[in-house]
1. For region 69-83, which residues satisfy the criterion of being open to solvent by 60 Å² or more (accessible area, probe 1.4 Å) and either touching a residue at least 12 places away in the same chain (Cβ under 8 Å) or not small (G, A, S) (or both)?
2. Of all residues in region 176-198, which are open to solvent by less than 60 Å² (accessible area, probe 1.4 Å) and assigned to a helix (DSSP H, G or I)?
3. Only one of these conditions is not met by V68: (1) part of a loop (DSSP other than H, G, I, E, B); (2) closer than 27 Å to D141 by Cβ; (3) at pLDDT 90 or above; (4) over 19 Å from the mean Cα position of the chain (by Cα). Which number is it?
4. What single numbered condition from (1) among the aliphatic types (A, V, I, L, M); (2) at pLDDT 85 or above; (3) loosely packed, with under 14 Cβ neighbours inside 10 Å; (4) within 30 Å of V57 (Cα to Cα) fails to hold for A171?
5. Working carefully through the options K201, K157, K208, find the one that is at pLDDT 95 or above, in a helix (DSSP H, G or I) and open to solvent by 30 Å² or more (accessible area, probe 1.4 Å).
6. So F34 fits all but one of (1) open to solvent by 70 Å² or more (accessible area, probe 1.4 Å); (2) at pLDDT 85 or above; (3) outside any loop (DSSP other than H, G, I, E, B); what number is the exception?
7. Among the polar types (S, T, N, Q) and open to solvent by 90 Å² or more (accessible area, probe 1.4 Å) - does that describe any residue in region 49-68?
8. Please list, ordered by first then second residue, the pairs with beta carbon atoms under 7 Å, 6 or more apart or interchain, first in region 11-38 and within 18 Å of K189 (Cβ to Cβ), second of a type in the set (S, T, Y) and loosely packed, with under 11 Cβ neighbours inside 10 Å.
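The values are calculated or read from the model by the stated rules, or taken from the named source; none is laboratory data. Quick caveat, the model's predicted, so the values are computed rather than measured. With ideal geometry, Cβ positions are generated from the backbone for all residues, glycine too; neighbour counts draw on all protein chains shown. For the accessible areas, the whole protein counts, side chains as well, though only heavy atoms, and no ligand, DNA or RNA atoms are used. Shrake-Rupley method; radii C 1.70, N 1.55, O 1.52, S 1.80 Å.
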Amino acid sequence: EAVKGLDLLAGMVKEGIVMPGAATLKDEDSNTLFFNKKIVVEMTSGMWNAAQVEAQVKEGKIQGPFDVEVYEFPSFDGKSPKKAGYTPTGICIFKNTNDADKINATKEYALSFLKNDSLLGEFITNAGQVPIRPGLEIYKDSPMTAREAVRSSEFLKNADPWWGAQKPYWAEIRAIFYPEIQAVFTNTKTSQKALEDFVTKANDIVSKNEK
C-alpha cells in the first residue's frame, strides 16, 4: 500500500498538478502558496491551516473569502475508516533526575494546563489544535475553525499519533526518509526501490541504537 500511495504522489508530480520542485518544497513554502490561493489542497495539519487562515483574514493579512475544509487521509477503497495523523501537543515528559523540587515543578506546570480551562483554551487556540476535553468550548469567535474542529474530532477516533512516543534516534530515520522520496519525485528511483532502501537503512539505524 505504501508503494501504491507513493506511486500516486509521483504520478501527480509527473502530471504537473502539483507545484514545480515538489522534491525540495519546504513546509513554509507550501503554506505560503496555500494562504495565497496558489494551491487548492495541502497535505498538512488541517486544523492549524483553518485557524491561521481565519485569523489572518480577520487581520487583513490575506484576502477573503477563504473557506478551509479539513479531510481525512484518503484510502484506496474509499470505504476505510476516516483516519488522521495528529501530533499530540501540550504535554511533555520530563527527565526524572530524582530532584524533588524539579518533579513537583513539572507536575504543577503540566497540571496547570490540564486544570485551567482558560490556559488550555488559549494554548489550543494559538496552536490551532483540536480540544480533547469534552465541553471545552473554544474558537467561539472563529466559526470556520470551530466547524473544522468538530470534523477533525471524527478523524481522531482512528488517529495515528506520530510524534509523542518517538525514539531518540527518530531524527536519524526521518533524515534518510526525505532523500528517498526526492529520488522518486525526480524519477531517479521507483517507489518500490526507494521504500525498500528506506526500510533497509531504517532497520540498520534501529539495530545500531537498540543494541
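1. E69, Y71, F73, P74, F76, D77, K79, P81, K82, K83, listed by residue number.
2. At the first step, the residues of region 176-198 found to be open to solvent by less than 60 Å² (accessible area, probe 1.4 Å) are 176, 180-181, 183-185, 189, 191, 194-195, 197-198.
Hits for region 176-198 are I176, E180, I181, A183, V184, F185, S191, A194, L195, D197, F198.
3. (4)
4. Only one criterion in (1) among the aliphatic types (A, V, I, L, M); (2) at pLDDT 85 or above; (3) loosely packed, with under 14 Cβ neighbours inside 10 Å; (4) within 30 Å of V57 (Cα to Cα) is unmet by A171, namely (4).
5. Values: K157 fails: at pLDDT 95 or above; K208 fails: at pLDDT 95 or above.
Answer to the check: K201.
6. Single failed check for F34: (1).
7. yes
8. none
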